[in-house]
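Here's the structure we're looking at; comments come further down.
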Amino acid sequence: MAEENKIGTYSFIAEPFHVDFTGKLTMGVLGNHLLNCAGFHATERGFGMAELNENHYTWVLSRLAIELDRLPLQYERFSIQTWIENVYRLFTDRNFAILDKDGKTIGYARSIWAMISTETRKPVDLLTLHKGSILNYVCDKECPIGKPGRIKVAEKEVAGEHVACYSDIDVNGHVNSIKYIEHILDLFPMEQFRTKRISRFEMAYVAESYYGDKLTFYCDRMSENEYDIEVKKNGTEVVVRSKVIFI
């Protein structure tokens with residue numbers, strides 16, 4: 001299969017309700033677009049959620065790292081490319097490129113996904129699904145950003161709290177992965193976004209949380225512009241870790 005046929009390209013526009021007070025696309029909306037593109041690409045190749053759900057399987061996002069030169073502005077047209085970099089027995093690496101209306105790359109993202117059984121919640125061997133045909137879509141297109149790293153948070157003082165509510169819960173019955181992004185960025189003051197921009201954002205998803213769970217946020221300031229964040233549910237179990245780097 002030709003390499004260009006392994007890459008999916010999807011077009012968007014930065015709608016007014018998708019941008020923040022600076023007129024730039026929010027990180028949460030960008031994250032949602034990335035996940036949608038992953039879904040479009042998988043569906044077109046026979047590995048989409050609907051087909052998997054019929055066989056009691058589903059995709060689970062484990063890691064996400066985004067690096068940006070800039071975010072699209074209000075009403076700006078842009079596109080997202082996505083492709084599979086590697087397939088292993090229990091997880092797969094999926095990459096993204098964010099392009100402006102002229103086709104210039106303004107950001108990249110890396111993600112790690114696992115497939116699990118919806119009945120047992122245990123990982124599924126990707127190389128046995130459809131006789132391993134997912135390997136046919138592995139692509140060697142470059143993604144010149146670092147892979148998601150390990151994040152450790154030592155801070156014990158609470159930076160914020162949130163009780164998971166209706167608007168946080170997705171079709172799977174747990175807190176949507178993008179909602180964590182929004183809640184984490186809400187820890188920072190408006191002035192932070194007025195004077196700086198996010199250059200790199202990482203998410204590591206550890207466990208699921210549900211309606212009514214109390215989410216507690218802890219933040220280590222690693223340097224002037226770098227923050228490591230940990231989210232626990234009900235005071236004990238870690239559900240998410242994140243790194244935010246401003247510039």
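The values are calculated or read from the model by the stated rules, or taken from the named source; none is laboratory data. The structure displayed is predicted, hence computed values, not measured ones. Using ideal geometry, Cβ is built from the backbone for each residue, glycine included, and neighbour counts are taken over all protein chains shown. The accessibility values were calculated without ligands, DNA or RNA, using every heavy atom of the protein model including side chains. Shrake-Rupley method; radii C 1.70, N 1.55, O 1.52, S 1.80 Å.
Within the stretch 13-33, residues that are open to solvent by less than 50 Å² (accessible area, probe 1.4 Å) sit with their Cβ atoms under 6 Å from residues that are charged (D, E, K, R), at 6+ positions apart or across chains, in these pairs: ILE13/ARG77; ALA14/GLU76; THR26/ASP20; GLY28/GLU182.
Of all the numbered requirements in (1) in contact (Cβ under 8 Å) with a residue 40 or more places away in the chain; (2) touching a Phe, Trp or Tyr at 6+ places or on another chain (Cβ under 8 Å); (3) over 26 Å from GLY28 (Cβ atoms), ILE181 misses one, and that requirement is (3). Selection of the stretch 170-179 for residues being crowded, with 16+ Cβ neighbours inside 10 Å and either of a type in the set (Val, Ile, Thr) or under 19 Å from GLU67 (Cβ atoms) (or both) yields VAL175, SER177, ILE178.
For every residue, the table says whether it meets (1) open to solvent by 40 Å² or more (accessible area, probe 1.4 Å); (2) farther than 30 Å from ARG77 by Cβ; (3) assigned to a strand (DSSP E or B).
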position	(1), (2), (3)
LEU127	yes, yes, no
GLU142	yes, no, no
LYS147	yes, no, no
HIS162	yes, yes, yes
SER167	yes, no, no
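Identify all residues within the stretch 189-226 that are open to solvent by 60 Å² or more (accessible area, probe 1.4 Å) and part of a loop (DSSP other than H, G, I, E, B); write none if there are none. PRO189, ARG197, VAL206, TYR210, TYR211, MET222, GLU224, listed by residue number.
Among the residues making up the stretch 40-85, a single one is within 27 Å of LYS24 (Cβ to Cβ), assigned to a helix (DSSP H, G or I) and either open to solvent by less than 10 Å² (accessible area, probe 1.4 Å) or modelled with pLDDT under 95 (or both): HIS41.
What about ILE229, is it assigned to a strand (DSSP E or B), under 19 Å from GLU67 (Cα atoms) and open to solvent by less than 60 Å² (accessible area, probe 1.4 Å)?
On the way: assigned to a strand (DSSP E or B): yes; under 19 Å from GLU67 (Cα atoms): yes; open to solvent by less than 60 Å² (accessible area, probe 1.4 Å): yes.
So ILE229 passes the test.
Condition check for TRP113 on (1) without any contact (Cβ under 8 Å) to a residue 60 or more places away in the chain; (2) open to solvent by less than 50 Å² (accessible area, probe 1.4 Å); (3) in contact with a Leu (Cβ under 7 Å, 6 or more places away or on another chain): one failure, at (1).
Residues in the stretch 86-100 that are among the charged types (D, E, K, R) and modelled with pLDDT under 95: ARG89 only. Just name the residue that is nearest to ASP69 (Cα to Cα) out of those in the stretch 102-123 that are over 21 Å from the mean Cα position of the chain (by Cα) and either modelled with pLDDT of 95 or more or of a type in the set (A, V, I, L, M, F, W, C) (or both). That would be LYS104.
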